[in-house]
1. Which of the residues spanning segment A:145-164 are without any contact (Cβ under 8 Å) to a residue 40 or more places away in the chain and over 20 Å from A:G179 (Cα atoms)?
2. Out of segment B:119-131, which residues are at the interface with chain A (Cβ under 9 Å from one of its Cβ atoms) and either touching a residue at least 24 places away in the same chain (Cβ under 8 Å) or surrounded by fewer than 21 Cβ atoms within 10 Å (Cβ to Cβ) (or both)?
3. Of everything in segment B:26-39 that's part of a helix (DSSP H, G or I) and among the aliphatic types (A, V, I, L, M), which residue is surrounded by the most Cβ atoms within 10 Å (Cβ to Cβ)?
4. Which numbered condition trips up B:Y4, out of (1) surrounded by 13 or more Cβ atoms within 10 Å (Cβ to Cβ); (2) over 30 Å from A:L55 (Cα atoms); (3) out of contact with any Cys (no Cβ under 9 Å at 6 or more places or on another chain)?
5. So which residues in segment A:47-73 are more than 16 Å from the chain's Cα centre (by Cα) and of a type in the set (D, E, K, R), if there are any at all?
6. Pairs only if they're at least six apart or on different chains, beta carbon under 6 angstrom, first in segment A:174-189 and in the same structural domain as A:F153 (by TED's automatic domain parsing), second charged (D, E, K, R); list them, first residue then second.
7. Consider segment A:155-176. How many of its residues are under 18 Å from A:K22 (Cβ atoms) and not acidic (D, E)?
8. For the list (1) more than 14 Å from chain A (Cβ to nearest Cβ); (2) surrounded by 23 or more Cβ atoms within 10 Å (Cβ to Cβ), I need the number of the one condition that B:H116 fails.
There are 2 protein chains.
Amino acid sequence: MKIYNSPAAPNPRRVRVFLAEKGVQVPYEDVDIGKAVNRQPEFRKKNPMAGVPVLELDDGTCIAESVAICRYFEELHPEPNLFGVGAKERAQVDMWNRRMEFNLLQPIADTFRQRHEFFKGRIRQVPEYADIQRLNAEDSLKWLDGELANRKFIAGDRFTIADITAMIAVDFGRVSKIGIQPDQKNLARWHAEVSARPSAKA
Amino acid sequence: MKIYNSPAAPNPRRVRVFLAEKGVQVPYEDVDIGKAVNRQPEFRKKNPMAGVPVLELDDGTCIAESVAICRYFEELHPEPNLFGVGAKERAQVDMWNRRMEFNLLQPIADTFRQRHEFFKGRIRQVPEYADIQRLNAEDSLKWLDGELANRKFIAGDRFTIADITAMIAVDFGRVSKIGIQPDQKNLARWHAEVSARPSAKA
């Protein structure tokens, strides 16, 4: 198997950090998204949505969508557990991971995508939507700071995939100058902690 | 347990159809989203994101996010299977469900949310983004019609949660006059089939 990767994009990093936490090594093949190789017909056979990462299995099956790829490796390598144990905890982790996707990573990504030169001609841009999503992302950071007053990690008292999604979102915010504010002490404490894990460098 | 519901909104219908497929009955309590009861502090204790549906367990735990709720019931009632069997199929179903969420349900929902009077004052609207998401939704329907030339259902040859997400998306498109085009025969065949299942009325 191998994973089609891009070193600078946020979504492939979600999978790389996840695999680093698992201690699993999978060969990466970098796709030149700067030259839009991912938007060519050849790559769209692997993922019609044109995104990276994509996991290609030895039988040729291609799995796209970062969380679907992570879930696949969670089943193959259950420890350390990153999706929760038992129906209730798994539902809670999925809920928190989705909140981090829809309410943090997505507004932060839209702030970049809907206005930045890189996506000009690649997607239909609405720069005003970038500005609104910036405000939504800032609201989410403020809210999340309050949530983290009561617990150590995003979904509870241990590290899960929800922390990976949130860390990648916060880090990707830098390119759009969205970040943790000085008074957001809980968020800063959490971010320092997850960033200190060896997996964060993946 | 009970589920906070809204009869007209698309996301609660995802859970209702899923539970109907499972043959599982859970009491519903309707939340008046027309009066924005879901945006009041009392409801935000259950779901800070203010959305429905929310599953409240007997111990008071609240699970929000439609797919997280469905996943919980999949574990409690594994048959009929709707999330896939084995690591590979589960990853594929998750991938297809996410594609239906990000590339179909979301653009269709944004077309409504970013322009419609109902969301005025509820969210920060960018009407131009509604227009762009309409085009993106129409592109996705065209692409999906091609995909369905080769198989019976969204994620393969059997009905899964990805079909539920896609059906709810297509049906919700009606309020924005987004729909299956006359030449999209595969999509029409699929939609007729999933709509004929008793669960579609849930």
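1. Selection gives A:N150, A:R151, A:D157, A:R158.
2. Within segment B:119-131, B:I123, B:R124, B:Q125, B:E128, B:D131 meet the criteria.
3. Out of the qualifying residues, it is B:I33.
4. Condition (3) is where B:Y4 drops out.
5. Within segment A:47-73, A:E56, A:D58, A:D59 meet the criteria.
6. A:Q184/A:D145; A:N186/A:D145; A:L187/A:D145
7. Step one: list which residues in segment A:155-176 are under 18 Å from A:K22 (Cβ atoms), which gives A:155, A:158-165, A:167-168.
Retained after the next criterion (residues that are not acidic (D, E)): A:155, A:158-162, A:164-165, A:167-168.
The qualifying residues number 10.
8. All conditions pass for B:H116, except number (2).
The values are calculated or read from the model by the stated rules, or taken from the named source; none is laboratory data. The structure presented is a predicted model; accordingly, all values stated were derived computationally and were not measured. Neighbour counts run over all protein chains shown; Cβ positions are idealised from the backbone, glycine included.
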